[in-house]
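A short write-up of the structure that comes next.
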Amino acid sequence: MRKRITIKVNETRSFELESHEGGGYRWMIASNDENVTKVLIKSLKPIQDIALAPLGKSFPSLVEIKALAEGKSIVLLEEKRLWEKDIKPLNTCRIYITINQ
């Protein structure tokens, strides 16, 4: 999957990615220029009501990207299991970012 976004310095853009968290997968940052963009990934799994989050259920992940400096950045996200080291990710998301003043 590929996305292209244009944002301004100090602006934050967010979007959701389908997740397979119920199967042990998590979205992780594989590469990011931390001088240009800050990336946070949060699960949208409800914490307060366990009945809303039965075992094996997956919920989307929220990706937040904050522009730190003017320029261009490519963020690569991978959906994989933490314990699987030599296995290709289930999904990838490459985000091409242009940051203006």
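The values are calculated or read from the model by the stated rules, or taken from the named source; none is laboratory data. For clarity, every value in this text was computed on a predicted model and none was experimentally measured. Methodologically, a virtual Cβ is constructed for each residue, glycine included, from the backbone with ideal geometry; neighbour enumeration extends over all protein chains shown.
Worth pointing out:
- Scanning the stretch 29-47 for residues that are at pLDDT 95 or above and either assigned to a strand (DSSP E or B) or surrounded by 12 or more Cβ atoms within 10 Å (Cβ to Cβ) (or both) yields 29, 30, 31, 32, 33, 36, 37, 38, 39, 40, 41.
- Inside the stretch 58-75, residues that are part of a strand (DSSP E or B) and surrounded by fewer than 15 Cβ atoms within 10 Å (Cβ to Cβ) make up a count of 3.
- Count - residues of the stretch 76-101 that are part of a loop (DSSP other than H, G, I, E, B) and surrounded by 13 or more Cβ atoms within 10 Å (Cβ to Cβ): 3
- In the condition set (1) within 27 Å of residue 88 (Cα to Cα); (2) at pLDDT 95 or above, residue 11 is compliant with all but (1).
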